[in-house]
Every structure is written in C-alpha cells, then in structure tokens.
Amino acid sequence: MRFEKRTDTLVYKGHERKIQTQAWWCKSCDEAILAGAALRTRELEFQKLKAEVDEVLAPADVAAVRARLGLSQRKAGEILGGGPRAFQKYEAGTQAVSSTMSHLLTLLANDPKRLDELRGLRSTAKQKAPRQKVRTATTVTRRQRSA
C-alpha cells in the first residue's frame, strides 16, 4: 500500500464525480483505506452528489436555509420535524435530506414568514384537551362494593 493523493470516483445511480483523495492505496487493486478528514471529505462529496441526483438540498444548503430562518438545529428539528438531532445530521452530511424536507425548506426559503404558521401549529398541537375522568368496570365494581 502507498499513502498518496489520487483521483477517486464516486458513483451514485449511474452518475459519477471525480475527487482527489489522500489515502492508503493498494498497488494491485487500487482500493483505498481512508481515515479522518479524508474520509469526512469523501462522505460529504458523496452526499453532495446524491443530493444533486435526487434533486434535494445539499448539506450546506440546508444549513444556509436554517440560518436564514434564524433557527438553531434543535429548534428546526422540533418545528419542521425529524427530531432534535436531524438538522445536525443533515448539515454534517451524515444523513441525506428527504425530498419532503427539502421541499419544505425550499418553500420556507422563498417565504420565511410561513414559519410563523408552523410555529402556531406546533403550539396548538401541544395544548392539551381537558382530561375527562373515565369510569372503568373496576372503578364501578369497587364503588358498588363500598356502598
């Protein structure tokens, strides 16, 4: 094996992208062992290629829209869905953005005022309906015994 920079080809659904990758390369089969920054860079480039092919937002685009909306990663996950760590994963490129989330973010990027509507929906859903006491058969049976 030899540690050097070579052209690496990323392939996704028949689409290719060539990048320069510093890695341990096998002299006989041209396979590579990547670690650290080189591995992270390759994964990020793969996520970019995947986003282009799938026509969804790339990690940097997700971060830009979220920042433009003035949301933390956690708050974006709460309001828009996906959970508290979803945007951390989208922006780091460790998880692809779904087409649904991509469409939502694109709409909000074009009309940020619509975010207030989503905030309103979330707060309405969190309000609890008044609890009603439900009488079960065991409750009735106990009361009948004590009477």
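Note on region 52-62: residues that are surrounded by 17 or more Cβ atoms within 10 Å (Cβ to Cβ) and assigned to a helix (DSSP H, G or I) total 3. Yes or no: region 30-48 includes at least one residue that is at pLDDT below 95, among the small types (Gly, Ala, Ser), farther than 30 Å from Leu115 by Cα and over 26 Å from the mean Cα position of the chain (by Cα). For region 30-48, residues at pLDDT below 95, among the small types (Gly, Ala, Ser), farther than 30 Å from Leu115 by Cα and over 26 Å from the mean Cα position of the chain (by Cα): present.
To keep it simple, each residue is scored yes or no on (1) outside any loop (DSSP other than H, G, I, E, B); (2) modelled with pLDDT of 90 or more; (3) under 9 Å from the mean Cα position of the chain (by Cα); (4) surrounded by 11 or more Cβ atoms within 10 Å (Cβ to Cβ).
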| residue | (1), (2), (3), (4) |
| --- | --- |
| Pro84 | no, no, no, yes |
| Ala96 | no, no, yes, yes |
| Met101 | yes, yes, yes, yes |
| Thr106 | yes, yes, no, yes |
| Ala109 | yes, yes, no, yes |
| Arg114 | yes, yes, no, yes |
| Gly120 | yes, no, no, no |
| Ser123 | yes, no, no, no |
| Lys128 | no, no, no, no |
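Please state which one of Lys50, Lys75, Lys89 is charged (D, E, K, R) and touching a residue at least 24 places away in the same chain (Cβ under 8 Å). On inspection, the qualifying residue turns out to be Lys50.
This table checks each residue for (1) outside any strand (DSSP E or B); (2) more than 18 Å from Gly93 (Cα to Cα); (3) not assigned by TED's automatic domain parsing to the domain that holds His103.
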{"residue": "Arg6", "(1), (2), (3)": "no, yes, yes"}
{"residue": "Val11", "(1), (2), (3)": "no, no, yes"}
{"residue": "Thr21", "(1), (2), (3)": "no, no, yes"}
{"residue": "Cys29", "(1), (2), (3)": "yes, yes, yes"}
{"residue": "Ala38", "(1), (2), (3)": "yes, no, yes"}
{"residue": "Leu44", "(1), (2), (3)": "yes, no, yes"}
{"residue": "Lys50", "(1), (2), (3)": "yes, no, yes"}
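The values are calculated or read from the model by the stated rules, or taken from the named source; none is laboratory data. Values in this document were obtained by computation on a predicted structure and should not be read as measured data. Glycine also receives a Cβ, built like all others from the backbone with ideal geometry; neighbour counts cover every protein chain displayed.
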